[in-house]
1. Order Trp111, Trp36 by their accessible area, 1.4 angstrom probe, all chains in place, largest first.
2. How much length is gained if the chain between Ser17 and Phe105 is pulled fully straight, taking 0.36 nm per residue apart and subtracting their Cα-Cα distance, in nm to one decimal?
3. Once you charge only the Cβ atoms, +1 for Lys and Arg and -1 for Asp and Glu, what is the size of the charge dipole of segment 14-121 about its Cα centre, to the nearest 20 debye?
4. Any idea how far the Cα center of segment 22-45 sits from the one of segment 67-108, in Å?
5. Counting only protein heavy atoms and a 1.4 Å probe, tell me what percentage of the chain's accessible area is made up of carbon and sulfur.
6. Just to confirm, what accessible area per residue do you get for the chain at 1.4 Å probe, in whole Å²?
7. Using θ = phi - 60° and the Karplus relation 6.51 cos²θ - 1.76 cosθ + 1.60, list the HN-Hα couplings for segment 6-21 in order, rounded to whole Hz, with x at every Gly or Pro.
Amino acid sequence: QVQLVESGGGLVQPGGSLRLSCTASGSIFSINDMRWYRQAPGKQRELVAVITSGGSTNYADSVKGRFTISRDNAKNTVYLQMNSLKPEDTAVYYCKARLQQSRAFPYRGFWGQGTQVTVSS
């Protein structure tokens, strides 16, 4: 059994900052890439940022220069530091980890339950 639990969402004013965390727990042998997605009301879920097991990162154009993804492999945790937040960043943010539960298992994607981020004055 694997669980991904996000935290750190909330209400923030435009220009403010938030830091999201997502920790994977349970039967985990190895974690490959970890990702943050978001879904705004009435819109499709979109990829926000990716970090590989080696630390390489990639970002959606809409968040480049404002958001930073990082990870702590010892804690099976991925972070998303969000600065200069805009109202259009309002969404439910989900983390996803591609991981192996044991050496005999293939890599699979696991999702967290999501955390709400609202940017409003």
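The values are calculated or read from the model by the stated rules, or taken from the named source; none is laboratory data. As the structure is a computational prediction, the values presented were derived from the model and not from experiment. Note that each Cβ is placed from the backbone with ideal geometry, even for glycine, and that neighbours are counted across all protein chains shown. Keep in mind that these areas ignore ligands, DNA and RNA; they rest on the heavy atoms of the full protein, side chains included. Shrake-Rupley method; radii C 1.70, N 1.55, O 1.52, S 1.80 Å.
1. Working: Trp111 105, Trp36 0 Å².
Ranked from most to least accessible, the order is Trp111, Trp36.
2. On the way: separation 88, 0.36 × 88 = 31.68 nm, distance 3.84 nm.
That works out to 27.8 nm of additional length.
3. On the way: 14 positive and 6 negative charges, 40 e Å.
Approximately 200 debye in magnitude.
4. Their Cα centres are 5 Å away from one another.
5. Details: 2920 of 6440 Å².
Carbon plus sulfur share of accessible area: 45 percent.
6. Values: 6440 Å² over 121 residues.
Spelled out: the 1.4 Å probe surface of the chain, per residue, equals 53 Å².
7. 8, 8, x, x, x, 9, 9, 7, x, x, x, 10, 9, 10, 8, 10
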